[in-house]
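Presented below is the structure to which this report refers.
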Amino acid sequence: MYLDELKLKNFRKYQDLTVPFNSGLNVLIGQNDSGKTTIIDAIKLVIKTHAYEWMKIEISDFHKMKDTDERADKIRFELIFKGLESNEAKNFIEWLGWEGEGKEAKPILRLIYQVSRKEDRILPSEVKAGMDEDGHPLNAEAREYLKATYLRALRDAENELSAKKNSRLSQILIGHKSLNSNPKNSHHPLIQSFEKFKVEVDDWFKAGEGKTEIKDKIDEVIGKFINEKEALFTFGKSEIKDILEKLSLSLVGEENLGLGTMNRLFMAAELLHLKKDNWDGLRLCLIEELEAHLHPQVQLKVIDYLQEQCNKKENKVQIILTTHSPNLASIVDLKNIILCKDNDVYPMGDPESIEPIKPDKYTKLEKKNYGFLERFLDVTRSNLFFAQGVIIVEGMSEELLIPAIARKIGCNLVEHEVSIVNVGSTAHLHYSKIFQRNDKKILNVPVSVVADLDVKVIDGKMDVEKAKEKRKLIEKIKDQKVCTFIAKEWTLEWCLFKSKISDKFQEVVKSVHSGTADFNTTFENTLIQKLIGKERSKLDKAAIANQLAIEIEKMESINEEDEYLKYLIDAIKYACRKLKSDEAN
């Protein structure tokens, strides 16, 4: 069984939200305060956790209505579980619903938790289940099968893995089939071993060195305090729970483990819940900020393992985690990402790959786009999931020049939280479709696609007809918040040559290509030959762009109406929300 859908009403920042989940890995991505933790907390409030995390609804959890600035009177959660097998469904017979008809019908479990308030007093409530509006009370026995493994964001792993009364480690271990079948069974090997050790310790205090050195001296005093009594050293009860509470977890041959290592140990222990052979309940793991205390390479190893576990059909494990790490976003399958933004969620899943099939939802990405992006969506490009605006460029030259131009026109990209995504080719379509959706949700992230025409030039003149065809082809990308900005002529370098900063451009080109004497006599023809030349004779575009960016930074201003630079300037303004939508169109 797995959590298929979560519905929230009037909980914290969300007035009305539906979150669909995959049956395997789900990664909630977004900026700080984008609502990721709210989604995790909603799940925990309804189904609880194996660690018995104590949570309750507070007055501040009731959504503050925009119209009246008053808080809502009711909070409602609905959790829908699907994929129940017969051994799981038997635990919820009286609350089940059915999806489909006849032999094809599949069981569904719907949990409902509604909390009301009267002024500043929160009224008692309970978790219910059923397919009708209000449901019926879910008893304690059934709820035991609906617990999640939970790893909080700020994990005190050292404390959790230390030996102590009711330690988290002992709680984890007592649930394993090799330990929990009969905790009081005196024939369990651990109990027998512990009893032998207790006898040895007892003998040491009664007849060994401990008697004369310690026990006799204590008994002497005890005899004065309590007549005819003597001290008894003991380890306490010989029950599984008591033995496990004396255990801690570390690594062989290692001492003073760091936070990152302890964190991984703690995760490994908690994940035991997901692998219990004798468990007929939910196998769901909730992880907040997986990257906490883990350096980038370890993050990749951990998420790779979790993704692998979710992909194994025999495991039937579901994981929902939150992150704001581009490292994790770069390795996770795109279909497993759910972007949290503007009080809503934007699943990136491929409907055809999700069971059950959910047609006409999510993005406009096609199978070929998923395949491409899973190969080329690296850490740098994954920044686009956390940006307020995105500029997609074809190469290093635009990536180097655009920030310098942006600062000169008063659009600092860092301040506006705009990411430049260098796709390294003309693969704009693959990336732009991430922001174009079929589910009628407009993702409010302005995306500027900056493109060259890249058509042949003969005698310094561009093939006009080919340019028109190429322009039409690129403009097809434009949709929703994605807008195209195309070079006026041929390539970026040719536009720079034609622009009002041509003198600066020519100086830089001559400096970078100081060994090319023809630049000093026939610059235009030499530039053309360099742009269309073979690999060895090509223009060093990156070096030129880097040096030109330095020169632009020294300039007092840049002409925003320069017809050859305007496409770059407009792309910057659009991504920074300083260009009106009608101007962009």
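The values are calculated or read from the model by the stated rules, or taken from the named source; none is laboratory data. What you are looking at is a predicted structure, and each value in this text was computed from that prediction instead of being measured. Here the Cβ is made from the backbone with ideal geometry for all residues, glycine too, and neighbour counts use every protein chain on show.
The helices (runs of 4 or more DSSP H) falling completely within the range 471-576 that include 2 or more residues that are under 29 Å from Gly410 (Cα atoms) and assigned by TED's automatic domain parsing to the domain that holds Ala427 map to 492-498, 502-512, 541-554, 566-575. The residue list Gln309, Gln299 contains one member that is surrounded by fewer than 23 Cβ atoms within 10 Å (Cβ to Cβ), touching a helix residue (DSSP H, G or I) at 6+ places or on another chain (Cβ under 8 Å) and under 21 Å from Leu373 (Cβ atoms), which is Gln299. Against the conditions (1) closer than 20 Å to Asp452 by Cβ; (2) of a type in the set (Val, Ile, Thr); (3) at pLDDT below 85, Thr521 satisfies every one except (1). Of the helices (runs of 4 or more DSSP H) lying entirely inside the range 109-222, those containing at least 3 residues that are farther than 30 Å from Asp73 by Cβ span 157-160, 168-174, 177-180, 189-206. Taken across the range 425-436, residues that are among the aliphatic types (A, V, I, L, M), assigned to a helix (DSSP H, G or I) and at pLDDT 95 or above do not occur at all. Being in a strand (DSSP E or B), in contact with a Lys or Arg (Cβ under 9 Å, 6 or more places away or on another chain) and within 17 Å of Asp344 (Cβ to Cβ) narrows it down to one residue among Asp16, Asp33; which is it? On inspection, the qualifying residue turns out to be Asp16.
Within the range 384-416, restricting attention to residues that are of a type in the set (A, V, I, L, M) and assigned to a loop (DSSP other than H, G, I, E, B), the residue that is nearest to Cys495 (Cα to Cα) is Ile409. Of the residues making up the range 242-271, those that are closer than 19 Å to Leu190 by Cα and more than 31 Å from the chain's Cα centre (by Cα) are Asp242, Ile243, Leu244, Glu245, Lys246, Leu247. Note on the range 414-447: residues that are closer than 13 Å to Lys573 by Cα and either touching a Ser or Thr at 6+ places or on another chain (Cβ under 8 Å) or of a type in the set (Phe, Trp, Tyr) (or both) amount to 1. Comparison of Ala207, Ala163, Ala231 shows that the only residue that is surrounded by fewer than 12 Cβ atoms within 10 Å (Cβ to Cβ) and either among the small types (Gly, Ala, Ser) or touching a Lys or Arg at 6+ places or on another chain (Cβ under 9 Å) (or both) is Ala207. Just one of the numbered conditions (1) in contact (Cβ under 8 Å) with a residue 24 or more places away in the chain; (2) closer than 30 Å to Ser167 by Cβ is not true of Met55: (1). Residue-level analysis places Ile218 outside the set of residues that are of a type in the set (Val, Ile, Thr) and in contact with a Ser or Thr (Cβ under 7 Å, 6 or more places away or on another chain).
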